[in-house]
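Values in this text are rule-based calculations from the coordinates and carry no lab data. None of the values given here were measured: they were computed from a predicted structure. When we count neighbours, we look across all protein chains shown, and the Cβ atoms used for this are built from the backbone with ideal geometry, even at glycine.
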Amino acid sequence: MKEEIKAYNNVLELIGNTPLIKLNKITQNMKGNYFAKVEAFNPGHSTKDRIALYILEEAERKGILKPGDTIIETTSGNTGFSIAMVSIIKGYECILAVSSKSSADKIDMLKTMGAKVYVCPANVSADDPRSYYEVAKKLHSEIKGSVYINQYFNELNIDAHYHTTGPEIWEQTAGKITHLVACSGTGGTISGTARFLKEQNPNVKVIGIDAYGSVLQKYHQTKEFDANEIYPYRIEGLGKNLIPTATDFNIIDAFEKVTDESSAHTARELANTEGLFVGYTSGAAMQGLKQLDEEGEFTADSNIVVIFPDHGSRYMSKIYNDEWMSQQGFFDSETAEIPQIEYI
Ligand code: PMP
């Protein structure tokens, strides 16, 4: 028999179908069985590959997008990278309006992926014509046939996870999942995944991870926007200072807040206990699990699925850099053991 060449047609065929990996050591003294959906296995190293592919293919199906058209978004983070990657393969122009707070590394990465990057001043209000929101809106109105993804206010962000992440987890757990724990930024991941899972079993409990300094938990509890909740924090991609319509608050049972410091340490712990080199919000999600366990949320029979959104390599100059950790005051110099390198 003739052997066939086993190859993917392009990198996009590798999006989704990420593995579910059992957590063993880090959960040793916790009640229940813990499984991580490790989204770093996507080719763009994050869960945002799913929404980039889904939203662009929906636009193609509806006849909104044709090859050569332009995609616009306002992020220097994972979503920007994923949209740039999908645009290259599908032949779209990709424009990203990003804040001047974005690191040079991130901007270089997006340029490498073929995106045209507009760097907009960070210290102006959202309605200032120079803000990245306004720049994106203006480009969208000027460029014929352009599509503005607007992930915080795009229902398709939820649909992407409803059609992919949700069914994958249901299948991988053979329907035995009891809890879903996921970070909430735009809310697309948790809302879409939970919507699918609760349709299969309404008893699946859904808990969102939020940051101190974000309005999400308070809004979920009171249905009111409380600006007093807002203050700066370091974790990127988690929590928000506005209410995104891509979050279905009715489907989320509760939010758990985590600190910058505990999340950073827990991310490092995931690397050196489970061999999982994942991002800052994965540390936050794992930290949320620890707190929920302490609060008595789980029993020995619980099957808890936690989503780890991205890869650790994007945080080399932050949580995986000892100097950065020290500058934040995350190493207590009296007690903490800062891992040392030996030079020969
Ligand atoms: N973690 C990281 C690293 C992210 O970039 C995001 C997206 N903002 C999230 C978590 C949260 O995912 P979602 O936007 O789907 O709520």
Kindly provide the pair-distance distribution of the stretch 178-217 built from C-alpha pairs, with 10 Å bins from 0 and whole-percent values in order of increasing distance.
-> 32, 49, 18, 1
Which value in nm describes the separation of the simple spin-label points at Leu242 and Asn29, placed 7 Å from the Cα toward the beta carbon?
-> 4.3 nm
Gaussian network model of the chain, Cα within-10 Å springs - most flexible of Ala59, Ala264, Ala136 = Ala59
What is the gain in length, in nm to one decimal, between Glu142 and His163 on full extension, counting 0.36 nm per residue of separation less the C-alpha to C-alpha distance?
-> 4.3 nm
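Report the full-extension gain for the segment Glu4 to Asn17: residue separation times 0.36 nm, less the Cα-Cα distance, to one decimal in nm. Could you put the intermediate results ahead of the total?
On the way: separation 13, 0.36 × 13 = 4.68 nm, distance 2.31 nm.
Full-extension gain reported as 2.4 nm.
What do the square roots of 5 times the Cα gyration tensor eigenvalues come to for the chain, in whole Å, largest first, as semi-axes of the equivalent ellipsoid? Mind dumping the intermediate values first?
Details: eigenvalues 184, 125, 100 Å².
They are 30, 25, 22 Å, listed from largest to smallest.
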Between Gly288, Gly185, Gly237, find the one with the highest GNM mean-square fluctuation for the chain; connect C-alpha pairs within less than 10 Å.
-> Gly237
Please work out the FRET efficiency for the pair Tyr343 and Lys62, using the Cβ-Cβ distance as r and a Förster radius of 51 Å; give the result to the nearest 0.05.
-> 0.30
Roughly how many whole Å is it from the C-alpha centroid of the stretch 248-284 to that of the stretch 56-92?
-> 29 Å
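Based on DSSP loop calls and a cut-off of at most 10 other Cβ atoms within 10 Å, the longest stretch of the chain free of exposed GluC sites (Glu not before Pro) is what?
Working: sites that count: Glu3, Glu4, Glu224, Glu295, Glu334, Glu337, Glu342.
Counting at most 10 other Cβ atoms within 10 Å as exposed, the longest clean stretch of the chain is 5-223.
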Asn123 versus Asp332: modelled label distance in nm, points set 7 Å from Cα along the beta carbon direction = 3.6 nm
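Using only the Cα atoms of the stretch 1-160, build the gyration tensor, take square roots of its eigenvalues as a ≥ b ≥ c, and label the shape rounded, prolate or oblate: rounded if a/c is under 1.5, else prolate if a/b is larger than b/c, else oblate. Walk me through the intermediate numbers first.
Numbers: a/c = 2.08, a/b = 1.33, b/c = 1.56.
Here the stretch 1-160 falls in the oblate category.
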With runs of 4+ DSSP H residues as the only contributors, calculate the mean residue ellipticity of the chain at 222 nm using -39,500 (n - 2.57) per run, divided by the residue total and rounded to the nearest 500.
-> -10500 deg cm²/dmol
What percent do you get for the relative contact order of the chain when only Cα pairs under 8 Å and 6+ apart count?
-> 18 percent
Considering only Val258, Val135, Val305, give the residue with the highest GNM mean-square fluctuation for the chain, with springs between Cα atoms whenever their separation is below 10 Å.
-> Val135
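Taking DSSP loops as anything outside H, G, I, E and B, show the longest stretch in the chain free of chymotrypsin sites (Phe, Trp or Tyr not before Pro) there with at most 14 other beta carbons within 10 Å. Provide the component values of the computation, followed by the final result.
Details: sites that count: Tyr8, Tyr212, Phe225, Tyr343.
Answer from the scan: 9-211.
If R₀ is 41 angstrom, what is the calculated FRET efficiency for the pair Met316 and Ala227, using the beta carbon separation as r and rounding to 0.05?
On the way: r = 34 Å, r/R0 = 0.83.
The value I calculate is 0.75.
Apply 1/(1 + (r/R0)^6) to the Cβ-Cβ distance of Thr299 and Asn250, taking R0 = 30 Å, and write down the FRET efficiency to the nearest 0.05.
Working: r = 26 Å, r/R0 = 0.85.
The pair Thr299/Asn250 has a calculated efficiency of 0.70.
With the cut-off at 21 Å, tell me which of the pairs Lys6/Lys48; Lys176/Lys218; Lys22/Lys176; Lys62/Lys144; Lys37/Lys205 have Cα atoms farther apart than that. Could you put the intermediate results ahead of the total?
Numbers: Lys6/Lys48 26 Å; Lys176/Lys218 30 Å; Lys22/Lys176 14 Å; Lys62/Lys144 16 Å; Lys37/Lys205 16 Å.
The answer is Lys6/Lys48; Lys176/Lys218.
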